[in-house]
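Okay, so here's the structure we're looking at.
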Amino acid sequence: AGAGYFFKVSAFGTYFYVGTVYLFSALIAFHVAVENKYNDSYFEWFSVSLILASIISLGCQLVQLMNLEDYFFPWVGDNPDGGRYFGNLGQPNQLASLVLMSFLCGLYLNSKEKISRYTQIVLAIIFGLSLSLAGSKTSIISLIAAILLLLFAKERRYSGYAVLCGLSFLFFSIFIKDDVRDYAGVDISTGRFSMWGMLIESVLYKPWIG
């Protein structure tokens, strides 16, 4: 996925690199879960790598926000007029997925006392900014799911960080909306909110079929 950050690649190339990283991550997770003789060192280094990648992507997003892509060519991809800021992953939802993974990696490192709570607070805030710039509706649902999962697991301390990330998302969405997206003139749901409502109604009407 490094080529996605440092070089302009085609859409297929971007999907290929990101997919390779996801597959490689799954293989690492499987290997560590089976062997488990490195005292979580793999997960710790991998978590740090994802967090650094997300911070680099946020920097790319800020460059796109300020229309400075030409000064950073070819390290930052051009952002189309009126488009959402994708860093250099080629697609905002891909970036949002990376950011959310990095946020959860931060919670993992915090649980292992590898980073302080103040570092985790900073990560929650800046990742909320990155999600706001990406404008990913999927990330909203994923973040809510993470909060519910943490509450269900009785990890209220970590769920607080997730709530802070969500509040950061809302804060930056409100205060940078004129520069990033015109919420008043554009349907940011792209029809998904009404579709989700129909799905919920179907489940309530006939739970099994719905």
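At a glance:
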read-out: In sequence order, calculated HN-Hα J values of the range 51-60 (Karplus, 6.51, -1.76, 1.60; Hz; x Gly/Pro); value: 4, 5, 4, 5, 5, 4, 5, 4, x, 5
read-out: Ordering of 133-141, 63-71, 42-50 by packing [mean C-beta count within 10 Å, highest first]; value: 133-141, 42-50, 63-71
read-out: Estimated inter-spin distance, VAL122 and LEU167, nm [label 7 Å along Cα→Cβ]; value: 1.9
read-out: Carbon plus sulfur fraction of accessible area for the range 86-136, probe 1.4 Å, in percent; value: 62
read-out: Residue-by-residue Karplus 3J(HN,Hα) for the range 86-91, coefficients 6.51, -1.76, 1.60, Hz, glycine and proline x; value: 10, x, 9, 9, x, 8
read-out: Vicinal HN-Hα couplings computed from phi for the range 165-175 (Karplus, 6.51 cos²θ - 1.76 cosθ + 1.60; Hz; Gly/Pro x); value: 4, x, 5, 4, 4, 5, 4, 5, 5, 6, 8
read-out: Average accessible surface area per residue within the range 49-166, 1.4 Å rolling probe, Å²; value: 48
read-out: Coil-residue trypsin sites (Lys or Arg not before Pro) of the range 138-171, DSSP, other Cβ within 10 Å capped at 12; value: LYS154
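The values are calculated or read from the model by the stated rules, or taken from the named source; none is laboratory data. The shown structure was predicted, so the numbers you read here are calculated from the model rather than taken from an experiment. Backbone-built Cβ (ideal geometry, glycine too); neighbour counts: all protein chains shown. Quick note on the areas: whole protein, heavy atoms, side chains included, nothing else; ligands and nucleic acids left out. Shrake-Rupley method; radii C 1.70, N 1.55, O 1.52, S 1.80 Å.
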